[in-house]
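The values are calculated or read from the model by the stated rules, or taken from the named source; none is laboratory data. Computed from a predicted structure; not experimentally measured. Here Cβ is always computed from backbone atoms with ideal geometry, including for glycine, and neighbour counts include all displayed protein chains. Surface accessibility is based on the protein's heavy atoms, side chains included, excluding ligands, DNA and RNA. Shrake-Rupley method; radii C 1.70, N 1.55, O 1.52, S 1.80 Å.
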Amino acid sequence: MKKIFGSTKTSALIVTAAVFVVGLLAGFSQTVWAGVYGAGPYGACDYGGTGTCDVPGGIENLTLTPGTNQITATWSPPIDDGGSAVTGYIVGISADGGGTWPTTDTTTNTTYTFTGLNPAVTYTIRVYAVNAAGDGVIVYATGRPAFITLTMPGVDPSISVTPTASGSFSSVSYAPSVETNTGYQMTLSTSSAVTNLVKGGDVVAASTGTVGSPITLAADSWGFRIDGLGGFGAGPTLGSSNAAALPNSWAGVPPLASAATIATGAATSGQAVNIWFGLGASTSKPSGSYTQTLVITVVGG
């Protein structure tokens, strides 16, 4: 393994000495090669087998695990230790793609946690082994601390229904998306203990169905569903406008203190959660805009 990084090794100085042996064979001579090696920056090296002048190869299996404002690096020792035991590892982290390395440390473990990091920054991390001969081959990896980004659609869902005596039903979809490099959990609730749609003193009650046991949406009620979640069934749900009834089954949006989990998992490039909202209205309710404030929350999980 040739040394690629680190200080340059001191070249060995080899001195040739001619030794003349006088014996029974007159005129016989013999040349003896005596190796004399400089101490250099890494200590003496002896090619006779008691040391080495070769540096370690690259570490193996460098893995980065994101955490809150931190990244934990783990790795395996190099397969090639250069012929001399690895004495430790040098770790470094850069916030500018390797242009500068303001943070460098040493460890004898095969794991190291970098703390106090910015989750908006992608960091470059390097690790290399060290032995008596010097610094081994550097191995690099890039990663970010744990992050979660919730992207909301630009327009809040708005359902238009023309009330009829027997009930008229409409539905629309709304698709927030989450991007993360760790697990997440998304919940849905109203912003308070109130779960009705409200227009002054008039209300449209939330469905009494739940995620686990959704029900058919009744007139003068509203609710949500997510295809494939809980007891909702696979779907697909289709948008409706002033229909005699809505297909599928629906759950009421719960109050803030009992938020419903509507998605879990891990997404690295963005994952949309398609939420359907349905509304039924009869002529027992006056026309107008009934409103409610909803809360969608995403946490690491």
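If you check Leu117 against the conditions, is it among the aliphatic types (A, V, I, L, M) and modelled with pLDDT under 95?
Taking the combined requirement at face value, the residue does not satisfy it.
Give me a count of the residues in segment 182-209 that are assigned to a strand (DSSP E or B) and of a type in the set (Gly, Ala, Ser).
4
Return the residue satisfying two criteria in turn: it lies in segment 216-237 and is in a loop (DSSP other than H, G, I, E, B) and among the charged types (D, E, K, R), and of such residues it is surrounded by the most Cβ atoms within 10 Å (Cβ to Cβ).
The residue in question is Asp220.
Condition check: part of a strand (DSSP E or B) and among the aliphatic types (A, V, I, L, M). Does Val130 satisfy that?
Spelling it out, Val130 is indeed part of a strand (DSSP E or B) and among the aliphatic types (A, V, I, L, M).
Looking at Ser192, is it in contact with a Ser or Thr (Cβ under 9 Å, 6 or more places away or on another chain), under 16 Å from Ala251 (Cα atoms), touching a residue at least 24 places away in the same chain (Cβ under 8 Å) and of a type in the set (Gly, Ala, Ser)?
In short, no.
How many of the residues in segment 98-132 are under 17 Å from Glu60 (Cβ atoms), open to solvent by less than 70 Å² (accessible area, probe 1.4 Å) and out of contact with any strand residue (DSSP E or B) (no Cβ under 6 Å at 6 or more places or on another chain)?
Counting residues in segment 98-132 that are under 17 Å from Glu60 (Cβ atoms), open to solvent by less than 70 Å² (accessible area, probe 1.4 Å) and out of contact with any strand residue (DSSP E or B) (no Cβ under 6 Å at 6 or more places or on another chain) gives 1.
Quickly run through segment 142-165 and pick out the residues that are of a type in the set (A, V, I, L, M), open to solvent by 80 Å² or more (accessible area, probe 1.4 Å) and under 20 Å from Gly280 (Cβ atoms).
The one that is of a type in the set (A, V, I, L, M), open to solvent by 80 Å² or more (accessible area, probe 1.4 Å) and under 20 Å from Gly280 (Cβ atoms): Ala165.
Cβ-Cβ below 6 Å, separation at least six or inter-chain, first residue in segment 65-92 and buried (at least 18 other Cβ atoms within 10 Å of the Cβ), second of a type in the set (D, E, K, R): which pairs?
Hits for this filter: Gly82/Asp54; Val91/Asp105; Gly92/Arg126.
Which condition breaks for Leu188 when tested against (1) buried (at least 20 other Cβ atoms within 10 Å of the Cβ); (2) modelled with pLDDT of 95 or more; (3) more than 23 Å from Val298 (Cα to Cα)?
Every listed condition holds for Leu188 apart from (3).
If we keep just the residues of segment 239-270 that are β-branched (Val, Ile, Thr) and open to solvent by 40 Å² or more (accessible area, probe 1.4 Å), which is nearest to Ala219 (Cα to Cα)?
Of everything passing the filter in segment 239-270, Thr261 is nearest to Ala219 (Cα to Cα).
Specify which of the listed residues (Ser168, Ser173) is more than 27 Å from Trp75 (Cβ to Cβ) and in contact with a Phe, Trp or Tyr (Cβ under 8 Å, 6 or more places away or on another chain).
Of the residues listed, the single one that is more than 27 Å from Trp75 (Cβ to Cβ) and in contact with a Phe, Trp or Tyr (Cβ under 8 Å, 6 or more places away or on another chain) is Ser173.
Name the residues in segment 280-301 that are open to solvent by 20 Å² or more (accessible area, probe 1.4 Å), in a strand (DSSP E or B) and under 20 Å from Ala206 (Cβ atoms), would you?
Thr291, Leu294, Val295, Ile296, Thr297
Inside segment 166-176, can you point out the residues that are closer than 30 Å to Thr68 by Cβ, open to solvent by less than 30 Å² (accessible area, probe 1.4 Å) and in a loop (DSSP other than H, G, I, E, B)?
Listed by number, the list holds a single entry, Pro176.
Which condition from (1) within 26 Å of the chain's Cα centre (by Cα); (2) assigned to a loop (DSSP other than H, G, I, E, B); (3) not polar (S, T, N, Q) is the one that Glu179 breaks?
Here Glu179 clears every test but (2).
For segment 125-132, state whether one or more residues are in contact (Cβ under 8 Å) with a residue 40 or more places away in the chain, within 30 Å of Leu217 (Cβ to Cβ) and β-branched (Val, Ile, Thr).
no
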